[in-house]
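Only the coordinates and a few stated rules stand behind these numbers; no lab work does. Quick caveat: nothing in here was measured; it's all calculated off a predicted structure. Heads up, the Cβs are rebuilt from the backbone with ideal geometry, glycines too, and the neighbour counts pull from every protein chain shown.
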Amino acid sequence: MTAHSFPLNTWYAAAWTHEVGAKLTPRKICGTSIVLYRQQGGTVAALEDACWHRLLPLSLGFLRGDEVVCGYHGLVFNPEGRCTFMPAQKTINPSACVRAYPVVERHRLIWIWPGDPALADPATIPDFHHNDGTDWVGTGGTRYGLKCNYRLVVDNLMDLTHESYVHAGSIGDDNITAAPFDVTHTDRTVTLTRWMIGIEPPPFWKKLLGKPGVHVDRWQIVTLQAPSTIVGDVGVAVTGTGAPDGDRSQGVNGAFLAAITPETETSCHYFWNFVRNFDKENEELSQALNKGHVNDGKGVYDQDFFVLEAQQRAIDEHPRMPFYNLNIDAGVLWAHRMIDQMIAREATTTSAAAE
Amino acid sequence: MTAHSFPLNTWYAAAWTHEVGAKLTPRKICGTSIVLYRQQGGTVAALEDACWHRLLPLSLGFLRGDEVVCGYHGLVFNPEGRCTFMPAQKTINPSACVRAYPVVERHRLIWIWPGDPALADPATIPDFHHNDGTDWVGTGGTRYGLKCNYRLVVDNLMDLTHESYVHAGSIGDDNITAAPFDVTHTDRTVTLTRWMIGIEPPPFWKKLLGKPGVHVDRWQIVTLQAPSTIVGDVGVAVTGTGAPDGDRSQGVNGAFLAAITPETETSCHYFWNFVRNFDKENEELSQALNKGHVNDGKGVYDQDFFVLEAQQRAIDEHPRMPFYNLNIDAGVLWAHRMIDQMIAREATTTSAAAE
Amino acid sequence: MTAHSFPLNTWYAAAWTHEVGAKLTPRKICGTSIVLYRQQGGTVAALEDACWHRLLPLSLGFLRGDEVVCGYHGLVFNPEGRCTFMPAQKTINPSACVRAYPVVERHRLIWIWPGDPALADPATIPDFHHNDGTDWVGTGGTRYGLKCNYRLVVDNLMDLTHESYVHAGSIGDDNITAAPFDVTHTDRTVTLTRWMIGIEPPPFWKKLLGKPGVHVDRWQIVTLQAPSTIVGDVGVAVTGTGAPDGDRSQGVNGAFLAAITPETETSCHYFWNFVRNFDKENEELSQALNKGHVNDGKGVYDQDFFVLEAQQRAIDEHPRMPFYNLNIDAGVLWAHRMIDQMIAREATTTSAAAE
């Protein structure tokens, strides 16, 4: 068994709900080619994207009702992956099937479980209720095939001091680096909390708050659910109005959501959304916020993509060089420890099962 | 010695006769770079395309009479591969030579023997007399560098049930898949025979037959000469007029010729021709038939190319995944067995010679 | 330790003086990414181009005075490679540093020593005084990232018989190949001397000499300082006027300078200049000579580049094929012997140090 940098027994975002209809949609996840499609009853199916017979991607075939017809010799597979037709053959080999993956649609995303289906528990799907369109608004998007290992994105989001350098002039300033922070954790989550008290707000938040001249308390409360979904509770409120004690009424509150799905060892799909719970009907603001994040190389996430891909290239060039860590990496280190434990646990389980 | 998926002691098509004149023409065959040129007397020479001295491809040099001059330091090689001139040197190292390959021109193709020259017997060149311009007409062409292992093309042609799916709407329909077939073989050939009796002809044949409304008997008699040349005797005749018993007078008869030459382990050159023995002066029809096969992505072979390259990519992604076989693969299995035997026999011969 | 085809304890040209200012300039040398910049006092610094913390290339950051700020988390490194600032951290890990490379500017080039800094002796920088703008004029240029191992360029310049074939019609003719030559050597240099007495000058030299109809003595005195800097003293003088005995007054004299810097095992940077010591104010001639060497594929060096890259591709395709040598390769063989000795000596030193 090849060692991976990612666990398999977990839910990964595979697509946005609106991207998958009654057509064959290929997607590579955790190094495996998968084909997604929506059945007539509305449920999404996810099959291994390689015909049992001669490996042609099933996504090059076509749908017939809820079944997939291979485009080469016409073998048919049902949504459970079982072969239901073979050309010129009455008896179907009972072992003829492709893998079917557990799928759940929740919070506007389609989640896939690439590991052992028996362990797939929908209760462990990350809480992205912000996407549900009730208290929060925001559209979001995906950078498919970002050319870096998915953990580099986790590192990026679990240490926001990078904002001071990568995002100077929008959301980053020296206050972030200067402020102390706490790291706490549970079995499967790591939370990094940073409060900047009585500071001049950075341009992005100053504009959203709309109260020129005031000083603010700014917060960043970032929670990772291992391995790679993150919710960042962020915002600013007029200083002295009690935000650190829970009263955010004199402020503005947003959240960034990130679901990072390994594609290969050196690429990933980055599902992102930036949501807010104020001025919710303002469609112009929604669009401006989306553009502020991804905008043809000029958005905040575009800046991250540039750095992350450069970092991956540097890693490829220095294969034996270790990473060194700073105090600011406390959250990153906890994240890696949890991910490594998930992977180690899978290796044990697999070995036991193989005995 | 590296294991190959192809035998070397066999004839492979390297070029069409009209493609090789008095100029240096590089071609990669069985992983080896070869340079072809036509000598003044008309004979084609085939040399290893790498100078003995410093490996520069000889094809970057120039012809002087029937000899090749290297473009770097001017070493000269004759058509037998022997060095006849070295710069600033009177005595020529007797071991200074490049490999010369047995070459035969036959049936409008130039055939090369990449293996042991002592074994090269022109009598074993595949029978492609259809190309000779006597009883059959057809131009044909080549897809150089098709990005798949050459065996995938053999598989493709030795199981025409794929026509029902890959070529639906032209030559493929459900009758092919429904019809029974026989597989016979000799030492070096496999023949797959399928008769479809009293069927509605598919659009391609309906048009060629020119008898609207009639039902036909359709035949596909495909013979592989291992490792990779194929002649497919195909056609339709009005049903009940005796075609299965040998009387094809009430029908139309074509043949597809395919010579598949390995370029590398994951690419090949596909020499094809579709010939007919009726309406032979009809130049417009000849052109239409050529276009029907290869036409900027829209021809019948273009459809195959698309599937074959996708299949190779899938194999590269699933290196340890086995192929599974269906009843329809009987011809394919015989083909593989013969090719594997040819390769195994070479390994034995080589070992014996090395003792 | 990986075996390289190049020594590390030597000076390699990294850039022309005018190319490096107060900005971060990345350059890969001997497989290592390096960032160059000019400090406020005028000295050039050369640092490993990968942050100690997370490997992001420092060249993607920015300069603050004479120090480099990493563009990801703001770590700061001084020109000696020592980290002088870490975000959110008072104490700096004393081991936090990136490699700094010895740098010397001389003869209009910036020279870097990629090996053990303790051994870096500026006295061993190659003598390229022709670049200094005193007795000789010439601009020169660089082919960065030429896609061949640097030794292939050494081979090219240490055997000028290739001029007869690669540069026929400008500087090459059959006289070069016909003339005898001597090879001499010292500890670290190889010199190849060829005199062609009483010959018709080739077009290039005929024009420069400007004496139609005369016959000339032509000389090529090429000296390699191992591993890969070369000075070629070249010219023609009216025959019978004593050039072979040292009187070049009736001739014209040029010199080609070449500094070949390994980039990777299969690519290099080729710093070249063609200088002359006559008609020095003639700016038009200077430009014409530059264009004669590199001119969008049509210059003399462009012809070499084409051959060298083709040769590297051929080597990559024939990994186990040895090179064979001719009499003309006497200079090349001495060059390889010296380079191999330099590499062997480093291996010994390294082993001893490691005990």
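Diagonalising the gyration tensor over the Cα atoms of region A:228-355 and scaling each eigenvalue by 5 before taking the square root yields semi-axes of 35, 21, 17 Å, largest first. Per residue of B:53-62, other chain Cβ atoms within 10 Å of the residue Cβ number 6 on average. Where the centroid of each part is defined by its Cα atoms, how far is region A:283-312 from region B:1-44 in Å? Between the Cα centres of region A:283-312 and region B:1-44 lies a distance of 53 Å.
Placing R0 at 41 angstrom, the Cβ-Cβ distance between B:LEU119 and A:THR264 gives a FRET efficiency of 0.35 after rounding to 0.05. Think of each Lys and Arg Cβ as +1 and each Asp and Glu Cβ as -1; about the Cα centre, that makes the dipole of the protein assembly as shown roughly 540 debye.
Computed from the C-beta positions of B:THR184 and B:ASN295, the FRET efficiency with R₀ = 22 Å rounds to 0.05. Each residue in C:TYR72, C:TYR101 was given a count of other beta-carbon atoms within 10 angstrom of its own, and listing them fewest first yields C:TYR101, C:TYR72. How big is region B:12-122 by the Kirkwood estimate over distinct Cα pairs, in Å? Its Kirkwood hydrodynamic radius stands at 14.1 Å.
To the nearest ten degrees, helix C:283-293 and the longest principal axis of the Cα atoms of chain C are 80 degrees apart.
Count Lys and Arg as plus one, Asp and Glu as minus one, and take only other residues whose Cβ is under 13 Å from that of A:ASN93; the net charge is then +1.
Note on region B:51-116: the alpha carbon radius of gyration divided by the globular reference 2.2 N^0.38 Å gives 1.22.
Just to be sure I follow: if Rg is taken over the C-alpha atoms of the protein assembly as shown and Rh is the Kirkwood radius over the same atoms, what is Rg/Rh? Dividing the radius of gyration by the Kirkwood radius yields 1.03. Note on region A:136-344: percent of Cα-Cα distances in each 10 Å bin, starting at 0 and stopping at the bin with the largest distance, equals 8, 33, 38, 16, 4, 0. Beyond 25 Å, how much of the Cα-Cα pair distribution for chain A remains, as a whole percent? Distances greater than 25 Å cover 58 percent of the Cα pairs. Remark: A:PHE306, A:PHE256 ranked as A:PHE306, A:PHE256, counting other beta-carbon atoms within 10 Å and listing the fewest first. Per-residue mean of foreign Cβ neighbours for A:175-185 is 1 (Cβ atoms of other chains, 10 Å radius). Could you give the distance between the Cα centres of region C:136-153 and region A:223-252, to the whole Å? Distance between centres, Cα-based: 57 Å.
In this calculation the C-beta distance from B:PHE62 to C:THR43 is compared with R0 = 30 Å, giving a FRET efficiency of 0.05. Each peptide in B:142-155, C:240-253, B:181-194 gets a packing score, the mean of other Cβ atoms within 10 Å over its residues, and the list from highest to lowest is B:142-155, B:181-194, C:240-253. Counting only alpha carbon atoms, the long axis of helix B:330-354 and the longest principal axis of chain B meet at about 20°.
Shielding of peptide C:72-84 by partners, expressed as the average count of other chain Cβ atoms within 10 Å per residue Cβ, is 3. Across region C:7-22, coupling constants 3J(HN,Hα) worked out from phi with the 6.51/-1.76/1.60 Karplus curve, θ = phi - 60°, read x, 9, 7, 6, 8, 10, 5, 10, 5, 7, 3, 6, 7, 10, x, 7 Hz, and Gly and Pro carry x.
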